[in-house]
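Only the coordinates and a few stated rules stand behind these numbers; no lab work does. Owing to the predicted nature of the structure, the values given are computational and were not obtained by experimental measurement. Note that each Cβ is placed from the backbone with ideal geometry, even for glycine, and that neighbours are counted across all protein chains shown.
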Amino acid sequence: MLRTKQFIKKRRKRVCLLKILMIIRRRKSIDTPEGPTKNFPVGVVNHILKAVLTKHLQEAQYEPESCRLKAKKISEVIKARVKDLMIPRFKLTVIVYIGQLEGQSILIGSRCLWDPKTDAFSSCDFRNFSLFALANVYAVYFE
């Protein structure tokens, strides 16, 4: 008989804890919206990409070592300027490609897990007399 009472007490405690957890989860899901409160501004980011690429590469000559460093610097500048827009809850990935322009073609592809309702990307290409550049910004909503 004593064991049965102890078992019932423990079970009641567990049920109460589960009910509290369910209430907290429900309240949390009500308080936080399903998607972003502010969408990712693709148009504004396109302007940022174009301005940064033009500023850094307008008069640049293609040299493999210097272009490697420029690609890294440009991606850091782009990421900083996009973060300055203060878009909450988006994780950013910035990729910049720079290559020599000699009449060749290039295909660039990327794959990732994507939610088209909340996630977005922005892309811009640039060419001058000796090089081409492509900059991509991927914005993934973080819940």
Those trypsin sites (Lys or Arg not before Pro) in the range 53-143 that DSSP places in a loop and that have at most 16 other beta carbons within 10 Å: ARG89, ARG111, LYS117
Backbone HN-Hα couplings from phi across the range 87-94 [Karplus 6.51/-1.76/1.60, Hz, Gly and Pro as x]: 8, x, 6, 10, 8, 10, 10, 10
Long-range HN-HN contacts of PHE121 with modeled amide H, under 5 Å: ALA139
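Let me know the shape class of the range 42-141, please: from the alpha-carbon gyration tensor, a ≥ b ≥ c as square roots of the eigenvalues, rounded when a/c is under 1.5, otherwise prolate if a/b is greater than b/c, or oblate.
It comes out prolate by the Cα gyration axes.
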Note, ³J(HN,Hα) from phi for the range 108-118, Karplus 6.51, -1.76, 1.60, rounded to Hz, x at Gly and Pro: 10, x, 9, 9, 6, 6, 9, 10, x, 6, 10
Stokes-Einstein D for the range 87-143, Kirkwood Rh over Cα pairs, 4 °C, 1.567 mPa s (µm²/s): 99
